[in-house]
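**Student:** One structure, pasted below without further comment.
Values in this text are rule-based calculations from the coordinates and carry no lab data. Predicted, not measured: the structure shown is a model, and the values here were computed from it. As a convention, Cβ positions derive from the backbone with ideal geometry for all residues, glycine included, and neighbour counts pool all protein chains shown.
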Amino acid sequence: MYRVLVPLLLGFGFNSASAFTAAFSRRWGKRRGELASFVLRNVLGIPLWVVGLGLAIHSPSAPVFAASGATEVLGWLLLIVGATVQLFAIAVLRLRAAKPSVDDALVARGVYAHVRHPIYAGLLLEFAGVVLVKPRQIVLLAAVLGCAWVSVQAWLEEVDLLQRMPAYRGYMNRVPRFLPRLTRKAGV
C-alpha cells in the first residue's frame, strides 16, 4: 500500500528542486537554468506527484471516518474552489507559472494581490477535498505529506524569488502567504 507514496515523494522532491532558478541560472547560464527548472517542475515533478496521488486515491485502505453525502459534497466544493483559484493564478502568471525566469517581474495583481501563493493555496484546498471525498488512510497520508510539501515548496520559492526580484521582500510584508486577510492591513 505504501509504495504508492514513492512517485508522490519523488514528484515532490523534483518539484522542490525546481525552485532554484536563480542558482541554476548563475551556475549554468540563464537559458539552461530556466530549462532545468522547467524540466524538474513540469516534466518530472508535477506528473510524478499527480500519479502518486492518483494511485493513493485508487488504493484500498482502511477508512479514516465514515463518509457521508455532506462530506463528499464539501470535498467536491473544496476541489472546485481550489482548482478555480489555481486557474485564476495561472491566468495571471501565464507562461511564468510553468517556466520561471531570472527576468521575471513581480506579479502583484489579480489573486496575487491577496495571497503570495494562490496556486499552492488552491492545492491545499484540493488536498483537503480529496480526503473528504475519499476518506481513506493512504489518501490522508498522501494529503498530509502534500500539505507539508506545499509549505516547504513555498518557502523554497520565496528564497529564489528574493534572489530574482528584490521587490519581493516588500511584497512579502504586504501580502500573506496562503490565506487572504479579511481586513486591510494598516498603511496598505
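**Student:** Which FRET efficiency, nearest 0.05, do Val81 and Ala148 yield, Cβ-Cβ r, R0 22 Å?
**Tutor:** Values: r = 21 Å, r/R0 = 0.97.
With a Förster radius of 22 Å, E is 0.55.
**Student:** On to the next question. What does the net charge come to around Phe65 if you take all other residues with beta carbon closer than 14 Å to its beta carbon, with K and R at +1 and D and E at -1?
**Tutor:** Combined, the nearby Lys, Arg, Asp and Glu give +1.
**Student:** Ranked highest first by the average count of other Cβ atoms within 10 Å around their residues, in what order do 79-89, 58-68, 161-171, 114-124 fall?
**Tutor:** Top to bottom by mean Cβ count within 10 Å: 114-124, 79-89, 161-171, 58-68.
**Student:** Next up: At Ala67 and Trp155, where each label point lies 7 Å from the Cα along Cα→Cβ, what is the point-to-point distance in nanometres?
**Tutor:** Taking the two extended label points, one gets 3.4 nm.
**Student:** At a Förster radius of 35 Å, what calculated FRET efficiency corresponds to the Cβ-Cβ distance of Asp104 and Thr183, to the nearest 0.05?
**Tutor:** 0.70
**Student:** So who's got an amide H within less than 5 Å of the one on Arg136, skipping anything under 5 residues away but keeping other chains? H placed 1.01 Å off N, in plane.
**Tutor:** Placed amide hydrogens put Val64 under 5 Å from Arg136.
**Student:** What are the semi-axes of the equivalent ellipsoid for segment 34-111, taken as the square roots of 5 times the Cα gyration tensor eigenvalues, largest first, in whole Å?
**Tutor:** Details: eigenvalues 207, 75, 9 Å².
Calculated on Cα positions only, the semi-axes equal 32, 19, 7 Å.
**Student:** Here is a follow-up. Go ahead and run the numbers for FRET between Arg32 and Arg169, Cβ-Cβ distance against an R0 of 30 Å, rounding to 0.05. Could the numbers behind the result be given before it?
**Tutor:** Numbers: r = 27 Å, r/R0 = 0.91.
Once rounded, the FRET efficiency stands at 0.65.
**Student:** With a length cut of 24 Å (Cα positions projected on each helix's long axis) and a Kyte-Doolittle mean of at least 0.0, go through the chain and give me the DSSP H helices that pass.
**Tutor:** Qualifying helices: 69-93, 137-164.
**Student:** Sticking with this one: Find, among the GluC sites (Glu not before Pro) in segment 113-188, those assigned to loop by DSSP (not H, G, I, E, B) with at most 16 other beta-carbon atoms within 10 angstrom.
**Tutor:** none
**Student:** Something else now. If we restrict to alpha carbons, what Rg and Dmax does the chain come to, in Å?
**Tutor:** Cα only, the chain: 17.5, 54 Å (Rg, Dmax).
**Student:** Tell me, what is the percent relative contact order of the chain, built from C-alpha pairs under 8 Å that lie six or more residues apart?
**Tutor:** 27
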